[in-house]
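After the structure tokens below, expect a handful of questions from me.
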Amino acid sequence: MIVKQAMLRHLGSRDIEFISAVKEIREILLTLAKVSKERGMKRFLMQGSGTFGIEAVMTCTGPPNGKWLIIINGA
């Protein structure tokens, strides 16, 4: 029920509360990954499904002519 209640409020991308929340999430991501911006690490949020996120990471991190080994567990 908490999620549904939260969804009743609309925050636009220029609202101060939204900007603050995104900034906090970005800082937490650095902490979780145990890296820092001072060492050149960047982080950003992407909107989309889990599949979209995986495809984005594979596209951005793989070598141009590289190959991937994908293991399927049947699920």
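The values are calculated or read from the model by the stated rules, or taken from the named source; none is laboratory data. Being a predicted model, the structure only gives us computed values, none of them experimental. Positions of Cβ are backbone-derived with ideal geometry, glycine not excepted, and every protein chain shown enters the neighbour counts. When the accessible area is computed, the model is the full protein with side chains, heavy atoms only, and any ligands, DNA or RNA have been set aside. Shrake-Rupley method; radii C 1.70, N 1.55, O 1.52, S 1.80 Å.
Might you check whether a residue that is of a type in the set (Val, Ile, Thr) and part of a helix (DSSP H, G or I) occurs anywhere in segment 32-50?
No, the conditions are met nowhere in segment 32-50.
Please determine, by comparing only the residues of segment 27-46 that are within 26 Å of residue 70 (Cβ to Cβ) and modelled with pLDDT of 85 or more, which one is surrounded by the most Cβ atoms within 10 Å (Cβ to Cβ).
Only one residue tops the list, namely 29.
Let me ask something else about it. Hey, any hits in segment 47-61 for a residue that's of a type in the set (A, V, I, L, M, F, W, C) and loosely packed, with under 10 Cβ neighbours inside 10 Å?
Yes; the residues of segment 47-61 include at least one that is of a type in the set (A, V, I, L, M, F, W, C) and loosely packed, with under 10 Cβ neighbours inside 10 Å.
For segment 68-75, check the following and say yes or no: at least one residue is of a type outside the set (Phe, Trp, Tyr) and surrounded by 10 or more Cβ atoms within 10 Å (Cβ to Cβ).
no
Among the residues of segment 11-20, what is the count of those that are assigned to a loop (DSSP other than H, G, I, E, B) and either modelled with pLDDT under 85 or open to solvent by less than 80 Å² (accessible area, probe 1.4 Å) (or both)?
3
Can you name the residue in segment 51-75 that is part of a loop (DSSP other than H, G, I, E, B) and small (Gly, Ala, Ser) and is also nearest to residue 13 (Cα to Cα) among such residues?
Top of the filtered list is 62.
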